[in-house]
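Asks: Got a structure for you, questions after.
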Amino acid sequence: MFRLIIFLLLVLALGFGFAWFADRPGMVSLVWEGTRYETSLMVALAAFVAIVVAIMVTWWIVSLVLRSPLLMRRFFRNRRRDRGYHALSQACWLQAQAMPGAPANWPVTAASSLAANRWSNCWMSRQ
């Protein structure tokens, strides 16, 4: 809730800022290598905001590409862990139901999927 209020206040401040600049017409002049460029203040401000947004999006894309190996590793590790928990819970449920068709090696198979998890090793050591 606090973040939402901060976000709304920030959007409100940006809106008032742009309205204030729009009410005060002005010109911006830039001389670069002997060439003079002139534009209105609102156009210069909009161009500045567009450049900042483009830099932020570019930075996000570059950081996403550089972090992609970590993200993929995390995805596959979490998927393997979730599959192990699912198999382990199925095995416990079937053993609790004492179904005659329940394979006896399901807890071992599930624990091998969770080999990196210390809780599954603790659970298997109790059997």
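Asks: Is it the case, given these coordinates, that Arg36 is out of contact with any strand residue (DSSP E or B) (no Cβ under 9 Å at 6 or more places or on another chain) and modelled with pLDDT of 80 or more?
Replies: No, not satisfied.
Asks: Is there any pair with a first residue in segment 16-33 that is within 14 Å of Ala44 (Cβ to Cβ) and a second that is of a type in the set (Lys, Arg) whose Cβ atoms are under 7 Å apart and which are 6 or more apart or on different chains, and what are they?
Replies: Listed pairs, sorted by first residue: Ser29/Arg36.
Asks: Does Val65 satisfy the condition of being among the β-branched types (Val, Ile, Thr), in a helix (DSSP H, G or I) and loosely packed, with under 10 Cβ neighbours inside 10 Å?
Replies: It is true that Val65 is among the β-branched types (Val, Ile, Thr), in a helix (DSSP H, G or I) and loosely packed, with under 10 Cβ neighbours inside 10 Å.
Asks: Looking at (1) modelled with pLDDT of 90 or more; (2) among the aliphatic types (A, V, I, L, M); (3) surrounded by 11 or more Cβ atoms within 10 Å (Cβ to Cβ), find the lone condition where Ala46 falls short.
Replies: (1)
Asks: Answer with yes or no whether Leu14 is of a type outside the set (Val, Ile, Thr) and surrounded by 12 or more Cβ atoms within 10 Å (Cβ to Cβ).
Replies: no
The values are calculated or read from the model by the stated rules, or taken from the named source; none is laboratory data. Model, not experiment: these values are computed from the prediction. Here the Cβ is made from the backbone with ideal geometry for all residues, glycine too, and neighbour counts use every protein chain on show.
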